[in-house]
Amino acid sequence: MPGSPPFLWTGNHPATDLCNTEPVIDGERVELLPDYDSVVSWAHAAGVASPGASFDATEREAARTLRFVRRLRAGLRGALDPTTAGPATIGDLNAVLREAPGAVHAEPSSGRVVVSLAAATPAAQLRLDIAAATMDIFRRDPGRIRRCAGPKCVLLFLDVSKSGRRRWCDMAVCGNRAKVAAHHARARRS
């Protein structure tokens, strides 16, 4: 993806990391998933796609997958962002999830049975893999899903800190800005 920023991995979960593929940079929303290839790249980097898996798709399937992933991201953001979460947002999310049909599939592997979700085409498998990986966040404590305390930041994260008091998407970015602003405010008062 020449010219676009790298993916952001501050969310501590595929669901929040997917939400964070549309950050605000310099006051503008930036689309980190501009095309199907970027969705495939994100899925591999996020670990939601099997390493080396090929997701060759027709132009139509690629476009369908891109639309699905963007709508899934919007549905997740609505359901996870503490400022918008509510029963209606779960209904919106479920409407998107219905578009990722698959079947539970069992097959022998090294003397064991491996159970997975299977879809009809590689692109449908990618949609199913991303949806399944992101839904796990609803098994977590909802009080640990947060929006960055940075006033201009829209990033979400799962707080996995021991104390459960994380406030910033990234201490080196938003946390540092807050520290600098507080320092300047104290200096002006002195």
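Taking the chain, the Cys residues with no second Cys beta-carbon under 4.7 angstrom are Cys19, Cys174. Counted by neighbouring Cβ atoms within 10 Å, the residues Glu61, Glu31 run from fewest to most as Glu31, Glu61. For Asp170, the amide hydrogen comes within under 5 Å of the amide hydrogens of Gly175, counting only partners 5 or more places away or on other chains and with H modelled in the peptide plane.
In a simple Cβ point-charge model (Lys, Arg +1; Asp, Glu -1; nothing else charged), the chain has a dipole of about 1280 debye relative to its Cα centre.
Taking 7 Å steps out from each Cα toward its Cβ at Asp92 and Asp37 produces label points 3.1 nm apart. Going from the fewest other Cβ atoms within 10 Å to the most, the residues Cys19, Cys153, Cys148 appear in the order Cys153, Cys148, Cys19. With semi-axes √(5λ) of the Cα gyration tensor in Å in mind, check (i) 26, 21, 14; (ii) 34, 19, 16; (iii) 29, 18, 15 and report the label derived from this structure. Checking each listed value against the structure points to (ii). Using only side-chain charges placed at the Cβ, +1 for Lys and Arg and -1 for Asp and Glu, the dipole size of the stretch 1-52 relative to its Cα centre rounds to 180 debye.
For the stretch 75-95, the residues whose amide N sits under 19 Å from a probe point set 7 Å from the Cα of Arg140 along the beta carbon direction are 75-86, 90, 93-94. A dipole drawn for the chain from +1 and -1 charges on Cβ atoms has a positive end, and of Thr65, Val114, Leu76 the residue lying farthest that way is Leu76.
Between Asp56 and Arg165, what length comes free when the chain is fully extended (0.36 nm per residue of separation minus the Cα-Cα distance, one decimal in nm)?
My answer for the length gained is 35.0 nm.
With 0.36 nm allotted per residue and the present C-alpha distance subtracted, the Ala120-Trp9 stretch has 37.0 nm of extension available. In the chain, the DSSP-assigned H stretches of four residues or longer account for a calculated mean residue ellipticity at 222 nm of -13000 deg cm²/dmol, using -39500 (n - 2.57) per stretch and the full residue count as denominator. Farthest toward the positive end of the dipole of the chain, out of Leu18, Ser163, Gly91, is the Cα of Ser163, where the dipole comes from beta carbon charges about the Cα centre.
Bear in mind these aren't lab numbers, they're just calculated from the coordinates by the rules spelled out. Note that the coordinates shown come from a computational prediction; the quantities given were computed from them, not determined experimentally. Quick reminder, even Gly has a Cβ in these numbers, built from the backbone with ideal geometry, and neighbours come from all protein chains shown.
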